[in-house]
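What follows is calculated from the coordinates using simple rules that are stated; it is not laboratory data. Keep in mind that what you see is a predicted model, and the values were worked out from it rather than measured. Please note: Cβ atoms are built from the backbone with ideal geometry, for glycine as well, and neighbour counts cover all protein chains shown.
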Amino acid sequence: MIRSLTNRKGYSGKRVGKVLLASVALVAIGAATAFAASIPNGNFESGNFSDWKIRNKGSGDWVIYDSGDRKKATKDRGGAILPKPFGEFSAAITQGGPSANVILRTVRVPADATVMSVKLFWINDGGEPPPAPAAQASADPGYWAFPGEWDFTGPRIQYFVVDLLKPSSPAFTAEKSDVLKTVFKPKIGATKARSGGWVTEAVDVAKFQGQRIKFRLVEADNSGYMNVGLDNLSFNTADLPTG
């Protein structure tokens, strides 16, 4: 089920579009990988956001969706294929205009955990400022911009980051001193506008064993739709994947 999906007008009246979805998932690296510990509702199989915290600014919001909603959202999206949830449900950002959105939770790294892994999916319909071509929505690479803070009301921004923060860090912090590790961020000028499917990323958490850390996915946009999400958050005992 998708929570609170609605039709809304797009950016500055450019077009009318229904809410877009994409997903980010945290999963085990392989069959030989041993789970160090499960994380309650890390896979959203409760069908809600229990144990997670959500922060939104602007018209964006987070929703839970299932495979049936994926088919509907794919049709509404105009042909873009959204990732199938892992299990019954996944979480994703929906948008009706410029926004900034965060999903996060504080967890304690198990004593035997060495890796946190993540699968990412994104659809970035950001457009370059004039006089760039209007067809920038599907450009390869895509349009990415980060002015240094998560404020969609200021300079042009089209960006998201998955990172690990100090437990006391504010949700929308952009201070480098708050960031323990960066799991993933688009490379400006090189990362494609669309991931084309699930992309696996992982981060070494061995140095944080026994400590509390804050997992965060933060996104902001004011140059076009951009949607990301997540599923199956877990710690693992394994070597970091390559490629």
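Kirkwood-type hydrodynamic radius, the stretch 85-220: 16.3 Å, calculated from all non-identical alpha-carbon pairs. The packing ranking, built from the mean of other Cβ atoms within 10 Å per residue, places the peptides 195-201, 46-52 in the order 195-201, 46-52, highest first. Once divided by 2.2 N^0.38 Å, the Cα radius of gyration of the stretch 151-243 becomes 1.18. Report note on the peptides 225-236, 204-215, 113-124: ranked by the mean count of other C-beta atoms within 10 Å, highest first, their order is 225-236, 113-124, 204-215. Within the straight-line cut-off of under 13 Å between alpha carbons, the aspartates and glutamates reachable from K84 are D66, D69, D231, sequence neighbours fewer than 8 places apart in one chain being disregarded.
Residues whose amide H falls under 5 Å from that of T94, counting only those 5 or more places apart or on a different chain, are D61, W62, V63, with hydrogens built in the peptide plane. Cross-link partners of K185 among aspartates and glutamates, defined as those whose alpha carbon lies under 12 angstrom from its own and excluding same-chain residues fewer than eight positions apart: D163, E201, E219.
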